[in-house]
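Enquirer: Below are the C-alpha cells for one structure; questions will follow.
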Amino acid sequence: MLIIAGLGNPGPKYADNRHNIGFMAVDAIQRRPGFSSWSKKFKAEIAEGEIAGERVLLMKPQTFMNLSGEAVGEAMRFYKLAPKDIVVIYDELDLPAGKARIKTGGGHGGHNGIKSIDAHCGKEYRRLRLGIGHPGVKDLVHAHVLGDFAKADQAWLSPLLDTIADNAEMLVKGEDSQLLNKLALAIGGKPDAGKLEIPKKQTAQSHIHQARSAPQPKKLPTTGPMAEMLKKMFGAKGD
C-alpha cells in the first residue's frame, strides 16, 4: 500500500493559494478513474483506489499545514506502513514555477508541513516538490505563498497537474526520472523553446561591416564662404 499525501490548508479561503498545490495535485489524481469520492478519516480527507496494481490512499490533511504530520502519521501507523510507503507532494519556493523534483529524505527547507511530517513519520519518505517560484524578496514570501495563482500561471499549472495525474503510475512504481521528463515536457514544450533567435541577416554581418554599411555623415566644405565661417567659429584644424 502507498500513501500519496498532498499538502495544503483546508477551506475555500486557501483553495487557490500557491501553498495548496499539493492539494491540487492529489485532487487531479482522484479525478481519474478508479478512486472513491473524498471522505473524512485520520484528520484528513481521503480517497482510496488502485494504481498499477497497488492500493493507494490519497490524503489531504485537514489539520492546517503546520500540523500535516499528525494526519499522515496516524494513517501510516494504522496501516502499519513505513516512511518508504509515503509520497508527499508540496510547494517549493526555491524552484522556478512549474519545475519539479523528486527525492527521498533530506531537509525540510523551512517548509512547516514537511517539518511536521518529519516529526511524525521520520524523514525517509519520497518528496515530490513542485516549484512555485520565489518573489525575490524575503519580506514578500508570506504573501506570495498564501497568495492565489495568477491567471497567467494556468499556462503551466494545469498541464503540470494533468501530467502528474496521467502518469501517477510512474509515481507509484518509483519511475522518478521518467516522470520528471514527462513533467518537464508538459510545461516546457520543445527543448529549445524560449531561446533568443537572431535574424540571419544580422548574423551574416560583423559589427565592422554593419558600421561600414551605416549611412555616413556628409563631408564639411573645405573652400568657399561656408568654410571661412566654420574656421572663424571653431578655429583652424590642429589648434
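The values are calculated or read from the model by the stated rules, or taken from the named source; none is laboratory data. Since this is a predicted model, take the numbers as computed values, not measurements. Heads up, the Cβs are rebuilt from the backbone with ideal geometry, glycines too, and the neighbour counts pull from every protein chain shown.
Enquirer: Report, by residue number, each residue of segment 123-146 that is small (G, A, S) and under 23 Å from G69 (Cα atoms).
Expert: Scanning segment 123-146 gives a single hit, G131.
Enquirer: May I ask you to verify whether G49 is under 18 Å from I89 (Cα atoms), small (G, A, S) and either touching a strand residue (DSSP E or B) at 6+ places or on another chain (Cβ under 7 Å) or surrounded by fewer than 20 Cβ atoms within 10 Å (Cβ to Cβ) (or both)?
Expert: Yes, satisfied.
Enquirer: Please verify whether segment 142-149 includes one or more residues that are under 25 Å from H108 (Cα atoms), surrounded by 15 or more Cβ atoms within 10 Å (Cβ to Cβ) and of a type in the set (V, I, T).
Expert: yes
Enquirer: Next up: Please state which of the following conditions F35 fails to meet, knowing it meets all the rest: (1) among the aromatic types (F, W, Y); (2) buried (at least 20 other Cβ atoms within 10 Å of the Cβ); (3) in contact with a Gly (Cβ under 6 Å, 6 or more places away or on another chain).
Expert: (2) is the only condition that F35 fails.
Enquirer: Where residues in segment 10-22 are within 13 Å of P61 (Cα to Cα) and over 19 Å from the mean Cα position of the chain (by Cα), which of them is surrounded by the most Cβ atoms within 10 Å (Cβ to Cβ)?
Expert: Among residues in segment 10-22 that are within 13 Å of P61 (Cα to Cα) and over 19 Å from the mean Cα position of the chain (by Cα), the one surrounded by the most Cβ atoms within 10 Å (Cβ to Cβ) is P10.
Enquirer: Continuing with the same structure: Go through L160, L183, L130, L179 for me and flag whichever is closer than 24 Å to N9 by Cα, touching a residue at least 60 places away in the same chain (Cβ under 8 Å) and in a helix (DSSP H, G or I).
Expert: Of L160, L183, L130, L179, the one residue that is closer than 24 Å to N9 by Cα, touching a residue at least 60 places away in the same chain (Cβ under 8 Å) and in a helix (DSSP H, G or I) is L160.
Enquirer: Are any residues in segment 52-68 surrounded by fewer than 21 Cβ atoms within 10 Å (Cβ to Cβ) and in a strand (DSSP E or B), and if so, which ones?
Expert: Within segment 52-68, E54, R55 qualify.
Enquirer: Taking the stated definitions as given, is K103 out of contact with any Ser or Thr (no Cβ under 6 Å at 6 or more places or on another chain), surrounded by fewer than 19 Cβ atoms within 10 Å (Cβ to Cβ) and closer than 22 Å to A168 by Cα?
Expert: yes
Enquirer: Name the residue, out of F23, F42, that is touching a Lys or Arg at 6+ places or on another chain (Cβ under 6 Å), in the same structural domain as I164 (by TED's automatic domain parsing) and not β-branched (V, I, T).
Expert: F23
Enquirer: Can you tell me which of A25, A75, A82, A5 is more than 19 Å from A165 (Cβ to Cβ), crowded, with 21+ Cβ neighbours inside 10 Å and modelled with pLDDT of 95 or more?
Expert: One residue alone meets the criteria, A75.
Enquirer: Could I ask something else about it? For the subset of segment 106-127 comprising residues that are in a loop (DSSP other than H, G, I, E, B) and among the charged types (D, E, K, R), which member is nearest to G174 (Cα to Cα)?
Expert: The qualifying residue nearest to G174 (Cα to Cα) is E124.
Enquirer: OK, next. When both residues are 6+ apart or on different chains and their Cβ atoms are under 8 Å apart, which pairs have a first residue that lies in segment 90-105 and is basic (K, R), and a second that is in a loop (DSSP other than H, G, I, E, B) and surrounded by fewer than 20 Cβ atoms within 10 Å (Cβ to Cβ)?
Expert: R101/L95
Enquirer: Another one. How many residues are part of a strand (DSSP E or B) and either under 21 Å from N9 (Cβ atoms) or among the hydrophobic types (A, V, I, L, M, F, W, C) (or both) when one looks only at segment 36-51?
Expert: Looking only at that region, the number is 8.
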